[in-house]
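All remarks here apply to the structure that follows.
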Amino acid sequence: MYKHFQNKRAVLDTLVARYLEVSERYMSGIHAQPGLDQAELESGAAFYESLDDATFLSIGQRLFTDFLMRPDTMRFWRMISIERCNDRDMADLFYAMLHAEPMAFQTALFGMLIRRGAMRPVDPSVLAMEFFMPALMIYLHLLPWMDDPERTEQALELLKRHMLHFRETYSLTSPTQKEIEPS
């Protein structure tokens, strides 16, 4: 291995760079990239506003099954979880990728959806926390048991219930919410 890499850190840096490229491609495909400009954010808000509950759930579940739960992605986050205890750069990466960037993106997106009248007028940073943190906890809980189909099924069911609850509670445009709200 050291024929191709100078040291352990070079291996780690290569793995991180590869993961970041794959992650950016995937997130751009579902309109969920941090750092979007106003026009891109508006486009993303319009995209999410147009989704029915089934499509909204499908996107969330596919994010888990097609990306986050891929064996290479789970191995990457297991590695970073360990390395962050010994390496400040890895601790910063862990925090940025699994907290700061998703929270910033979702806060901006929910703020835009509130301004568009698609969500209840609640502090968007609180909405981001209420949406993202349970999903993150479900994911972090799965990391040690990535090969356990029963735990995976339970996690996906919990994610589905969480996403529907969030949408029913805060959305003003989803078909589920329209049935609940008086005309």
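Can you pull out every residue in the stretch 121-154 that is in contact (Cβ under 8 Å) with a residue 12 or more places away in the chain, more than 22 Å from residue 95 (Cα to Cα) and in a helix (DSSP H, G or I)?
Residue satisfying the conditions is 152 alone.
Give just the number: which of (1) over 21 Å from residue 79 (Cα atoms); (2) at pLDDT below 90; (3) among the charged types (D, E, K, R) does residue 148 not satisfy?
In the conditions (1) over 21 Å from residue 79 (Cα atoms); (2) at pLDDT below 90; (3) among the charged types (D, E, K, R), residue 148 misses (1) alone.
Could you tell me whether any residue of the stretch 76-94 is hydrophobic (A, V, I, L, M, F, W, C), in contact with a Pro (Cβ under 9 Å, 6 or more places away or on another chain) and either modelled with pLDDT of 90 or more or more than 15 Å from residue 27 (Cβ to Cβ) (or both)? Spell out how you get there, then give the answer.
Let us first name the residues in the stretch 76-94 that are hydrophobic (A, V, I, L, M, F, W, C), namely 76-77, 79-80, 82, 85, 90-91, 93-94.
From what is left, the residues that are in contact with a Pro (Cβ under 9 Å, 6 or more places away or on another chain) are none.
For the stretch 76-94, residues hydrophobic (A, V, I, L, M, F, W, C), in contact with a Pro (Cβ under 9 Å, 6 or more places away or on another chain) and either modelled with pLDDT of 90 or more or more than 15 Å from residue 27 (Cβ to Cβ) (or both): absent.
Kindly list the number of the only condition in (1) of a type in the set (A, V, I, L, M); (2) exposed (fewer than 15 other Cβ atoms within 10 Å of the Cβ); (3) under 21 Å from residue 157 (Cα atoms) that fails for residue 74.
Of the numbered conditions (1) of a type in the set (A, V, I, L, M); (2) exposed (fewer than 15 other Cβ atoms within 10 Å of the Cβ); (3) under 21 Å from residue 157 (Cα atoms), the odd one out for residue 74 is (2).
When you check residue 94 against the structure, is it hydrophobic (A, V, I, L, M, F, W, C) and closer than 30 Å to residue 173 by Cβ, yes or no?
Working: hydrophobic (A, V, I, L, M, F, W, C): yes; closer than 30 Å to residue 173 by Cβ: no.
No: the conditions fail for residue 94.
Looking only at the stretch 91-120, count every residue that is over 19 Å from the mean Cα position of the chain (by Cα) and in a helix (DSSP H, G or I) and tell me the total.
Of the residues in that region, 2 qualify.
The values are calculated or read from the model by the stated rules, or taken from the named source; none is laboratory data. What you see is a predicted model, and the numbers here were worked out from it, not measured in a lab. Methodologically, a virtual Cβ is constructed for each residue, glycine included, from the backbone with ideal geometry; neighbour enumeration extends over all protein chains shown.
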